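The values are calculated or read from the model by the stated rules, or taken from the named source; none is laboratory data. These numbers were taken from a predicted model, which means no experiment stands behind them. Heads up, the Cβs are rebuilt from the backbone with ideal geometry, glycines too, and the neighbour counts pull from every protein chain shown.
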Amino acid sequence: MKVSVLVRPKPGILDPQGKAVEESLRHLGFAVGGARVGRLVDLEVQASDPSEARAEVERMCAELLANPLIESYEIELAEES
Amino acid sequence: MTESRPRVAVVVFPGSQDDRDAALALEALGAEVAILWHAERELRDVGAIVLPGGFSYGDYLRAGAIARFSPAMRRVAEFAAGGGLVLGICNGFQILCEAGLLPGVLRPNTALSFVCRDVQLRVERTDTPFLTRCEPGQRLTIPVKHGEGCFFADAELLTELEEAGQIVLRYDGDNPNGSLADIAGIVNAEGNVMGLMPHPEHAVDPLLGSTDGALVLGSLLDEIQARTPVPA
């Protein structure tokens, strides 16, 4: 089962990378603000049903993919074909 | 009769850089150093473990996030849980935070640039095994060299750290990375695990501009000797 995990810096947490991207975009003439840079992790998960896959990925997030002090995450399961 | 030297293990991860400098500095201060490859678990008769600086696993995902799964880290966690002395320098500090052996997390420097220079530190505690050779309030000159040294904890955790006296070193005046409350080094609640971003192993010889790092590493060696039972 294909699963995507979107990891974001939590609101209020300073994101130097986002700030650098935003400043660069402004240098290029784009009127932008609020740039935040996160991380996308695509996974192939062995699971018999979506809820099992979701539970498994929840554990992956807690143990490795996100640091709960500074990051939030969203889990997205691909539509079943 | 041979005098026993304090034994210290220095763990080497793929991407560690300062393991040999740490070993050299510790040996110069009288220690016997055992290099522990990250895939090993065997650790015999050491009084302390040092996690050196560098870029373990290329800092992939988050600095220190992958190294914490090394077999050697399981041993480090057991050692720390048993009261063993563990010192994490720079990347070692990041690994200890990711492993949950120290609170908080180290984030990219707020100024977005890698910093590599001497900084002034203020000693906040001298009753920790890692700083006994210092005077309270003493200023130390020790270099930093990192891109992710900005210590962060939420307001609740920061209050907890302040109240428990777990902040043992602060940047004095010049905060090189935007670290919260000028935090340069902390200890765990039990006091046997310390992490700091500055590199004491790079400040142990007058040729390097400062010998203040020897106060930190020397304190650690003193504590090992103090804990070692004298053979009858």
note = When restricted to B:Gly178, B:Gly137, the only residue in a loop (DSSP other than H, G, I, E, B), away from every other protein chain (no Cβ under 14 Å) and over 16 Å from the mean Cα position of the chain (by Cα) is B:Gly137
note = Quick count over the stretch B:181-198, residues being surrounded by fewer than 24 Cβ atoms within 10 Å (Cβ to Cβ) and part of a loop (DSSP other than H, G, I, E, B), is 5
ask   = Any chance the stretch B:35-43 includes a residue that's more than 14 Å from every other protein chain (Cβ to nearest Cβ) and in a helix (DSSP H, G or I)?
value = no
request  = Go through the stretch B:82-123 residue by residue and tally those that are in contact with a Lys or Arg (Cβ under 6 Å, 6 or more places away or on another chain) and in contact (Cβ under 8 Å) with a residue 40 or more places away in the chain.
outcome  = 3
ask   = Of (1) away from chain A (no Cβ under 14 Å); (2) within 17 Å of B:Pro103 (Cα to Cα); (3) in contact with a Phe, Trp or Tyr (Cβ under 6 Å, 6 or more places away or on another chain); (4) not hydroxyl-bearing (Ser, Thr, Tyr), B:Leu220 satisfies all except one. Which?
value = (2)
key: Criterion (buried (at least 23 other Cβ atoms within 10 Å of the Cβ), out of contact with any Ser or Thr (no Cβ under 9 Å at 6 or more places or on another chain) and of a type outside the set (S, T, N, Q)) met by exactly one of B:Cys134, B:Cys116, B:Cys97   = B:Cys97
message = Being farther than 21 Å from B:Leu217 by Cβ and at pLDDT below 95 is the requirement here; does B:Asp45 meet it?
response = no
message = Residue pairs, Cβ under 9 Å, 6 or more apart or interchain, first in the stretch B:51-66 and more than 10 Å from chain A (Cβ to nearest Cβ), second of a type in the set (Ser, Thr, Tyr) and assigned to a strand (DSSP E or B). List them.
response = B:Leu51/B:Ser16; B:Pro52/B:Ser16; B:Gly53/B:Ser16; B:Gly54/B:Ser16; B:Phe55/B:Ser16; B:Ser56/B:Ser16
note = Being over 24 Å from B:Ser70 (Cβ atoms) and within 14 Å of chain A (Cβ to nearest Cβ) narrows B:Leu102, B:Leu131, B:Leu158 down to just B:Leu158
task = Could you identify the single residue in B:Ile142, B:Ile167 that is over 18 Å from B:Val50 (Cα atoms), buried (at least 18 other Cβ atoms within 10 Å of the Cβ) and among the aliphatic types (A, V, I, L, M)?
result = B:Ile167
message = Please count how many residues of the stretch B:100-116 are over 14 Å from the mean Cα position of the chain (by Cα), closer than 21 Å to B:Phe13 by Cβ and part of a loop (DSSP other than H, G, I, E, B).
response = 4
ask   = Quick check: anything in the stretch B:147-154 of a type in the set (Gly, Ala, Ser), in contact with an Asp or Glu (Cβ under 9 Å, 6 or more places away or on another chain) and facing another protein chain (nearest Cβ under 10 Å)?
value = yes
query = Quick one: is B:Glu40 modelled with pLDDT under 90 and either of a type in the set (D, E, K, R) or over 14 Å from the mean Cα position of the chain (by Cα) (or both)?
reply = yes
key: Residues within the stretch B:67-85 that are within 14 Å of chain A (Cβ to nearest Cβ), part of a helix (DSSP H, G or I) and surrounded by 19 or more Cβ atoms within 10 Å (Cβ to Cβ), tallied   = 3
